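**Student:** Pasting a structure below so you can have a look.
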Amino acid sequence: MKISTSKTELQAALQKLSKATPTRSTLPILNSVLFDAQETGTVLRTTDLEITIIANLPASIETPGSVAIPHQTLLDITNESPEDTRITLTANTNNKVEMVTDVGAYDIMGKPAEEFPAVPAVDNRKETGLSTEALRDMIKKTSFAVSRDELKPALTGVLFRFNKDNLTAVATDGHRLVCYNRSDYKADEYTGDIIVPRKFLSLLSGVLEGEESVQIWMGANHMTAAFGSDLYFTRIIDERFPDFESVIPKDNDKELTVDKSLLLSAVRRVSIFSNRSTHQIAIRLTKNRIQITTEDPEKSSKAQEEIKGEFNGDDLVIGYNASYLKDILSHVEGDQVVIKLKTPISAALFYPATQKEKSNLTMLLMPIRLND
């Protein structure tokens, strides 16, 4: 194999591919990037066996061929090469790679392309399209509530429910739940449920740009997303997602409407004095007043603030983990937040005072029992 490209093109491709290059692996080949130069073009590929990224590299091809080159070594020397330099990569039959730039030559030991894992077989592919803005929005609003508990694999991803004329994304970690529905979506071939791992969604949120559509294919075990000429594969989570609809209460009859920024900033300040392990704060609600308090006997510290809000219902005292509450409030759009409550031990529902057009956002937060 012998190809020639610019530093800028190679650097951009390698940085993109680093998202699927494991830092540690029992398979040394996974630390490499596969170069496959054929008459149709040069394709680069990396994988950590969960996620696979395929990117095209604009390059002139003198000799077709393929080789796996250590990713980090190649990226490091590319980053340190002068701007506007031309880079030539040559691999011999023993997979020894010579990298030549305008300022020097470097020998790198590659590995046989045959050792590199194959592209995931995406069988029974069904296609659907989604705007970049819609997917970016859904990831942002749900991924913070995904569980980090590997013992509950179904909760370590976001459930996407593709219906004919709407799309719902749901995430929960058992303490909080986000259900976000958009009706500005029309299904192509695919309808059904799929759980997408948090790591893949984090990767997508970093590459989603512009307003063009994202093309998505669903297979039995993998999902593929296409942006321009780049392909991203992920293994889907083959587990049953909890029945989230039955968890969302329908009879919360107490309603609090409050300025979101006012409440969020008060919670942030008061929580500084909360216990480091429980992050517990108490919220006392009366008709026109919200009192936020916390106390930490271990540090002999406490804090209290009062803000104004409209509360319809009997007086109520309810406890929350301040970290979870801050997360919820930070992801509610608009200036006002509406909170629907029932009792001190039942789930509260959070909504924007005004929902965005063709969308519906519901967030749920479980309370914690207050110490007497």
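**Student:** Mind giving me the FRET efficiency for Ser18 and Asp184? R0 is 41 Å, r the Cβ-Cβ distance, nearest 0.05 is fine. Kindly include the intermediate steps, with their values, before the conclusion.
**Tutor:** Working: r = 33 Å, r/R0 = 0.81.
Given R0 = 41 Å and the Cβ-Cβ separation, E is 0.75.
**Student:** For a quick check: sort Ile339, Ile29, Ile272, Ile248 by the number of other beta carbons within 10 angstrom, fewest at the front. Please list the in-between numbers first.
**Tutor:** Details: Ile339 26, Ile29 17, Ile272 10, Ile248 14.
Arranged by neighbour count, lowest to highest, Ile339, Ile29, Ile272, Ile248 become Ile272, Ile248, Ile29, Ile339.
**Student:** Determine the alpha carbon to alpha carbon distance for each of Lys308/Lys342; Lys152/Lys358; Lys260/Lys299; Lys141/Lys260 and list only those over 24 Å. Present the calculation step by step, with values, prior to reporting the outcome.
**Tutor:** Details: Lys308/Lys342 20 Å; Lys152/Lys358 32 Å; Lys260/Lys299 29 Å; Lys141/Lys260 16 Å.
Exceeds cut-off: Lys152/Lys358; Lys260/Lys299.
**Student:** Helix 132-142: angle to the longest alpha-carbon principal axis of the chain, degrees 0 to 90, nearest 10?
**Tutor:** Rounded to the nearest ten degrees, it is 50.
**Student:** Which trypsin sites (Lys or Arg not before Pro) from the range 209-291 combine a DSSP loop assignment with at most 14 other Cβ atoms within 10 Å? Don't jump to the answer; show the numbers that get you there.
**Tutor:** On the way: sites: Arg235, Arg240, Lys250, Lys254, Lys260, Arg268, Arg269, Arg276, Arg284, Lys287, Arg289; in loops: Arg240, Lys250, Arg276, Lys287.
Those satisfying the criteria are Arg240, Lys250, Arg276, Lys287.
**Student:** In debye to the nearest 20, how big a dipole does the range 249-365 give about its Cα centre with +1 on each Lys and Arg Cβ and -1 on each Asp and Glu Cβ?
**Tutor:** On the way: 17 positive and 16 negative charges, 31 e Å.
The dipole of the range 249-365 has a size of about 160 debye.
**Student:** Using only DSSP helix segments of four residues or longer, with each worth -39500 (n - 2.57), what per-residue ellipticity at 222 nm results for the chain after dividing by its residue count and rounding to 500? If you can, show how the numbers build up before the last one.
**Tutor:** Numbers: 7 runs with 67 residues, N = 372.
That calculation yields -5000 deg cm²/dmol at 222 nm.
**Student:** Picking from Pro70, Thr168, Thr343, whose Cα lies most toward the positive end of the charge dipole for the chain (charges on Cβ: Lys, Arg +1; Asp, Glu -1)?
**Tutor:** Of the listed residues, the answer is Thr343.
**Student:** Using Cα-Cα distances under 8 Å and only pairs 6 or more residues apart, what relative contact order does the range 137-200 have, in percent?
**Tutor:** On the way: 128 pairs, mean separation 21.9, N = 64.
Once normalised by length, the contact order is 34 percent.
**Student:** Return the distance in nm (one decimal) between the two label points of a simple spin-label model at Ala154 and Lys126, each offset 7 Å from Cα along Cα→Cβ.
**Tutor:** In this crude label model, Ala154 to Lys126 measures out at 2.0 nm.
**Student:** Can you list which of the chymotrypsin sites (Phe, Trp or Tyr not before Pro) found in the range 107-169 are DSSP loop residues with at most 13 other C-beta atoms within 10 Å? Walk me through the intermediate numbers first.
**Tutor:** On the way: sites: Phe144, Phe160, Phe162; in loops: none.
Sparse-neighbourhood loop chymotrypsin sites (Phe, Trp or Tyr not before Pro): none present.
**Student:** For the chain, take the longest principal axis of its alpha carbons; what is the angle in degrees between that and the long axis of helix 198-207, to the nearest 10 within 0 to 90?
**Tutor:** That works out to roughly 70 degrees.
**Student:** Show which lysines lie in cross-link reach of Lys2 when reach means a straight Cα distance below 26 angstrom and same-chain residues fewer than eight apart are skipped.
**Tutor:** Qualifying lysines at Cα under 26 Å: Lys16, Lys19, Lys96, Lys111.
**Student:** Using the alpha-carbon atoms, what tilt in degrees (0 to 90, nearest 10) does helix 7-17 show relative to the longest principal axis of the chain?
**Tutor:** Helix 7-17 sits roughly 50 degrees off the main axis of the chain.
**Student:** Sort the range 2-115 into rounded, prolate or oblate with this rule: let a ≥ b ≥ c be the square roots of the eigenvalues of the Cα gyration tensor; rounded if a/c is under 1.5, and if a/c is not under 1.5, prolate when a/b is larger than b/c, oblate otherwise.
**Tutor:** Details: a/c = 1.43, a/b = 1.29, b/c = 1.11.
Rounded.
**Student:** As I understand it, the dipole of the range 199-271 uses +1 on the Cβ of Lys and Arg and -1 on the Cβ of Asp and Glu, about the Cα centre. Which of Met218, Pro249, Ser265 lies farthest toward its positive end?
**Tutor:** Ser265
**Student:** Can you give the charge dipole size of the chain about its Cα centre, rounded to the nearest 20 debye, using +1 on the beta carbon of Lys and Arg and -1 on the beta carbon of Asp and Glu?
**Tutor:** Numbers: 43 positive and 52 negative charges, 228 e Å.
Dipole size: approximately 1100 debye.
**Student:** Quick check for me: using +1 on Lys/Arg Cβ and -1 on Asp/Glu Cβ, what's the dipole size of the range 5-136 about its Cα centre, in debye to the nearest 20?
**Tutor:** On the way: 11 positive and 18 negative charges, 76 e Å.
So the dipole magnitude of the range 5-136 works out to roughly 360 debye.
**Student:** Which of the following values of Cα Rg over 2.2 N^0.38 Å was calculated from the structure shown: (1) 0.99; (2) 1.05; (3) 1.23?
**Tutor:** (3)
**Student:** Let me ask another. Can you list the aspartates and glutamates whose alpha carbon sits under 14 Å from that of Lys7, skipping same-chain ones fewer than 8 residues off?
**Tutor:** Output for Lys7: Asp76, Glu80, Glu83, Asp84, Asp102.
**Student:** Give me the one-decimal nm value for the distance between modelled label points at Asp193 and Glu310, 7 Å along each residue's Cα-to-Cβ direction.
**Tutor:** Between Asp193 and Glu310, the label points sit 3.7 nm apart.
Bear in mind these aren't lab numbers, they're just calculated from the coordinates by the rules spelled out. The structure displayed is predicted, hence computed values, not measured ones. Cβ sites come from the backbone with ideal geometry, for glycine too, and all protein chains shown count toward neighbours.
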